[in-house]
Amino acid sequence: MGRRTGKVGCLSLERIEANAAGIDVGATEIYVAVPPDRDTDPVRCFQTFTGDLREMAAWLVRCGIATVAMESTGVYWIPPYEILEEAGLRVCLVNSQYVRHVPGRKSDVSDCQWLQYLHSVGLLKPSFRPDAAICALRAVSRHRAGLVESAAVHIQHMQKALTQMNLQIHHVLSDITGLSGMAIVEALVAGQRDPGQLASLCHAQVHADRPTVIKSLTGNYRPEHLFTLKQSLAAYRSYQHLLAECDQEIQRLTASMSGKIDPPAPAPHPSRQKRRKNQFHFDMGSELHRLFGVDLTAVPGISTLTAHALLSEVGPDLSRFPSAGAFANWLALCPNNKKSGGKILSSKTRPTNSRLSRALRVAAQTLARSQSHLGNFYRSMRARLGAPQAITATAHKLARILYHLLTTGSAYDETVFAQEQQKQKIRLHKRLSKQAKLLGLQLVPIAIGESCS
């Protein structure tokens, strides 16, 4: 058996980014690697205090670094990212899933050196990050979503306290946070126990009759449950106040953004429709129309909350995505094909925590009974693939439609799908004719409005 001599040569790639650095971000320490010829100590460790981060940025500038690669680790990457941007460095934020395979033993030093090497040879693809104004809106909008979830927890606490006192309000009212429900809960906290007096607080539109309401409000009042109900109501009211303040901040942020069109004139007789729960305390629809340049709520399934999710997560400009397919792939709404030996082993979509992707999936579910083309598409996909895959396919279609509307500036036109609907009718006619022929029957066309006898 021959003996190996000499060193094994390694593959050397062309360096595209000569002035590249790599950063491994941690909770308390940050390891930074620069090219070996830039400093006698090319790998340094900095603490995560603001002064140390500014010292790190100054050291990178002295080393002649122009671009820096770092992983998106939790929220720890945000302070270094912002300080490096302020120093004039171009930051390449990469998904940690794509650079986790470090050769050799894994350590913080090897991680930052591996990031520096991959970035210098052009093997790292930066993640999408919107502009600073959209990032500010996104932070407040995500905080608002957290407030809505926290308020929902206290609603459950109120429902639990009422059930423990055997107040069967849920058999009479569909929502205890409505006008009648909140009036009854506040009266209970104030000390009212008479079922007749509590029943008189119900709105006239409550369908249950008065004797049933009185029976449902006859309970076993216990001090501990009343105390829980009182605190849960106070917490719910507090979160509603915080939501109103959050909406004021969102309105201020959206008003400061430049729109693509002039704001539409207000209607001469504004609608007196009651504001639905968790909706904004101002006319978000007009602001979205001004910022996007088109009315996205004209698309079936797209509500004001869904359009706001698009604005806060991506922004009104989708030109950074080269195509509609790239936008849908960023949302993880495309099949993630895994092939080996010429065979597709799996085509499931990759997991994602994208709030916009989740909003589009919810919008797709609302099309189950829609009489539009998108509703027909959803029902067709559900019959063929099942509900989960139909939701993904419809969300994918919605993402492509939104991309087309925002990049072209054209309004949504349902008549574009008329040709597709005609083809679908032809396919349906052929399928029914084939089934009728197998049963020994024949289809007889009739005029629309003509009765069958």
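Name the residues in the stretch 287-305 that are surrounded by fewer than 21 Cβ atoms within 10 Å (Cβ to Cβ) and either under 15 Å from S357 (Cβ atoms) or outside the structural domain of F377 (by TED's automatic domain parsing) (or both), would you?
Residue satisfying the conditions is L305 alone.
What single numbered condition from (1) of a type outside the set (K, R); (2) under 22 Å from the mean Cα position of the chain (by Cα); (3) under 30 Å from Q97 (Cβ atoms) fails to hold for M381?
Result: M381 passes all but (2).
Quick one: which strands (runs of 3 or more DSSP E) lie wholly within the stretch 1-50 and hold at least 2 residues that are over 21 Å from N95 (Cβ atoms) and either modelled with pLDDT of 95 or more or out of contact with any Cys (no Cβ under 6 Å at 6 or more places or on another chain) (or both)?
In the stretch 1-50, the matching strands (runs of 3 or more DSSP E) lie at 43-47.
Taking the stretch 152-181 as the region of interest, how many residues are aliphatic (A, V, I, L, M), more than 16 Å from T228 (Cβ to Cβ) and touching a helix residue (DSSP H, G or I) at 6+ places or on another chain (Cβ under 8 Å)?
The total comes to 2.
N166 - would you say it is modelled with pLDDT of 90 or more and of a type in the set (S, T, N, Q)?
yes
Looking at G409, is it more than 23 Å from V294 (Cβ to Cβ), exposed (fewer than 15 other Cβ atoms within 10 Å of the Cβ) and not acidic (D, E)?
Criteria not met by G409.
Find the residue count for the stretch 326-357, including only residues that are without any contact (Cβ under 8 Å) to a residue 12 or more places away in the chain, not basic (K, R) and not in a loop (DSSP other than H, G, I, E, B).
The total comes to 6.
If only one of L201, L173, L217 is closer than 19 Å to Y236 by Cα, at pLDDT below 90 and out of contact with any strand residue (DSSP E or B) (no Cβ under 7 Å at 6 or more places or on another chain), which one is it?
The conditions single out L173.
Can you name every residue in the stretch 140-171 that is of a type in the set (A, V, I, L, M) and under 24 Å from the mean Cα position of the chain (by Cα)? Can you show your working first?
The initial filter retains those residues of the stretch 140-171 that are of a type in the set (A, V, I, L, M), namely 140, 145, 147-148, 151-153, 155, 158, 161-162, 165, 167, 169.
Answer for the stretch 140-171, where residues must be of a type in the set (A, V, I, L, M) and under 24 Å from the mean Cα position of the chain (by Cα): V140, A145, L147, V148, A151, A152, V153, I155.
Residues S347, S323, S340, S303: which one is of a type outside the set (D, E, K, R), closer than 23 Å to K277 by Cβ and more than 13 Å from the chain's Cα centre (by Cα)?
The unique qualifying residue is S303.
Looking only at helices (runs of 4 or more DSSP H) that fall completely inside the stretch 366-453, which ones have 1 or more residues that are of a type in the set (K, R) and in the same structural domain as H308 (by TED's automatic domain parsing)? So that I can check it myself, show each step before the final result.
On the way: elements: 373-385, 387-408, 418-438.
The qualifying helices (runs of 4 or more DSSP H) are 373-385, 387-408.
Could you please give the count of residues in the stretch 203-215 that are assigned to a loop (DSSP other than H, G, I, E, B) and not acidic (D, E)? Break it down into steps so the answer makes sense when it comes.
Restricting attention to the stretch 203-215, the residues satisfying the condition of being assigned to a loop (DSSP other than H, G, I, E, B) are 203-209.
With the extra rule that they be not acidic (D, E), the set shrinks to 203-208.
Residues in the stretch 203-215 being assigned to a loop (DSSP other than H, G, I, E, B) and not acidic (D, E): 6 in total.
Take the residues in the stretch 187-202 that are part of a helix (DSSP H, G or I) and in contact with a helix residue (DSSP H, G or I) (Cβ under 7 Å, 6 or more places away or on another chain); name whichever of them is farthest from V213 (Cα to Cα).
Within the stretch 187-202, the match that is farthest from V213 (Cα to Cα) is V189.
Okay, residues lined up against (1) touching a residue at least 24 places away in the same chain (Cβ under 8 Å); (2) farther than 22 Å from P335 by Cβ; (3) touching a Pro at 6+ places or on another chain (Cβ under 6 Å); (4) not acidic (D, E):
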position: F377; (1), (2), (3), (4): no, no, no, yes
position: M381; (1), (2), (3), (4): no, no, no, yes
position: G386; (1), (2), (3), (4): no, no, no, yes
position: I401; (1), (2), (3), (4): yes, no, no, yes
position: G409; (1), (2), (3), (4): yes, yes, no, yes
position: V416; (1), (2), (3), (4): no, yes, no, yes
position: K437; (1), (2), (3), (4): no, yes, no, yes
position: G440; (1), (2), (3), (4): no, yes, no, yes
position: P445; (1), (2), (3), (4): no, yes, no, yes
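Scan the stretch 234-245 and give yes if some residue there is within 30 Å of D317 (Cβ to Cβ), surrounded by 14 or more Cβ atoms within 10 Å (Cβ to Cβ), acidic (D, E) and assigned by TED's automatic domain parsing to the domain that holds H154, otherwise no.
No.
The values are calculated or read from the model by the stated rules, or taken from the named source; none is laboratory data. Worth saying up front: this structure is predicted, and the values here are computed from it rather than measured. Neighbour counts are summed over all protein chains in view; Cβ atoms, including those assigned to glycine, are modelled from backbone coordinates with ideal geometry.
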